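What follows is a single structure, written as structure tokens, with notes after it.
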Amino acid sequence: MTHVVDGNAVANRIRDDLRNCVDALEDEGVTPGLATVLMSEDAASETYVSMKQRACEDLGIEGIHRELDPDAPADELLEIVAAMNEDPDVHGVLVQMPVPDHVDRAAVLRSVDPRKDVDGFHPENVGRLVAGNPRFKPCTPHGIQKLLEAADVDTEGKHAVVVGRSDIVGKPMANLLIQKAPGGNATTTVCHSRTADLGAKTREADIVIAAAGYPELIDGSMIDEGATVIDVGVNRVDADTEKGYELVGDVEFESAKEKADVITPVPGGVGPMTIAMLLYNTVAAASNQADVPVEL
Ligand code: NDP
């Protein structure tokens, strides 16, 4: 029987553990604080930020939220981030991407204090991850590590194929998989849009991690019998539903499930883990900055 991993259940367990950490910090007079900045009228970005804020509230993390007009000068965004960097009640700072075209994305990522960079996108934190000494693991790949652990999938010695090489999912995922550490030690192949014969690569994988943003790119014929399939993709496709669309992953679930031993659904797989790990990083940041150790 294929194990369909319940990401909501795993994420809830992580949140329950984090609640204990938040209580322990509170006992020492520390309330973790996460500041979010939104400079976009994109509906999906607004939804993501409000989900993050609600998740904070639910856990007892103080959520601070600032919104900027998308036409505002870039300096205004940088000034807000600088103020958040200085604020001792703010332990994590997150600028919701994407930012408007006139704002230099790289400059925004560099502007966040690396100790408060709970997304893990500051070059210093990217460097630390690559060097095998991560400060904050980026939330989605970290969540995938936790899902694999919860599903009893040992990565050591396995061949993992990551489809996608973005800075937020594919690259950090590959870097975590090759670490000399639990959740790593995998032989890792990274594929992208220029990869020749993607199916030949994925069929060689013990673990396939699909993060291409292309609906149902990977079907059962591209999966080896008994493999583990992690579907990161969230794609809107037209459908005869009330909203006129439905969400599908990068994996064609039904045919892949026939082959896989372990598979994550969309929705309800990787998605809930991303927010859980943002909360995790925020609690870790608060613990570090306040010098109050907690058991994470
Ligand atoms: P990006 O668009 O930044 O990157 C996509 C990557 O996939 C690129 O490296 C691209 O290659 C590669 N790719 C695209 N098409 C193909 C193809 N046909 N064959 C092989 N490789 C391909 O996306 P993200 O990494 O930001 O996100 C990926 C997906 O994951 C999206 O659907 C996104 O919505 C979802 N997501 C879900 C999250 C969650 O919490 N569930 C969190 C973050 C993302 P190239 O570099 O050559 O262009």
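The table that follows gives values for the structure above.
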quantity	calculated
Residue match in the range 86-98 (condition: outside any strand (DSSP E or B) and of a type in the set (Gly, Ala, Ser))	no
Residues located in the range 165-186, provided they are surrounded by fewer than 22 Cβ atoms within 10 Å (Cβ to Cβ), part of a loop (DSSP other than H, G, I, E, B) and within 14 Å of the ligand (Cβ to nearest atom)	165, 166, 167, 168
The range 219-245, subset touching a helix residue (DSSP H, G or I) at 6+ places or on another chain (Cβ under 6 Å) and in a strand (DSSP E or B), residue farthest from the ligand (Cβ to nearest atom)	229
Selection status of residue 162, in contact with a Ser or Thr (Cβ under 8 Å, 6 or more places away or on another chain), more than 30 Å from residue 24 (Cβ to Cβ), part of a loop (DSSP other than H, G, I, E, B) and within 15 Å of the ligand (Cβ to nearest atom)	no
Conditions (1) modelled with pLDDT of 95 or more; (2) assigned to a loop (DSSP other than H, G, I, E, B); (3) more than 16 Å from the ligand (Cβ to nearest atom); number of the one not met by residue 258	(2)
Selection count where residues are in contact with a strand residue (DSSP E or B) (Cβ under 7 Å, 6 or more places away or on another chain) and either of a type in the set (Lys, Arg) or surrounded by fewer than 17 Cβ atoms within 10 Å (Cβ to Cβ) (or both), scope the range 57-84	5
Selected residue (criterion: nearest to the ligand (Cβ to nearest atom)) from residues of the range 137-159 that are in contact (Cβ under 8 Å) with a residue 40 or more places away in the chain and among the polar types (S, T, N, Q)	140
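The values are calculated or read from the model by the stated rules, or taken from the named source; none is laboratory data. Predicted model, so just to flag it, every value in this text is computed and none were measured. We place every Cβ from the backbone using ideal geometry, glycine too, and count neighbours over all the protein chains shown.
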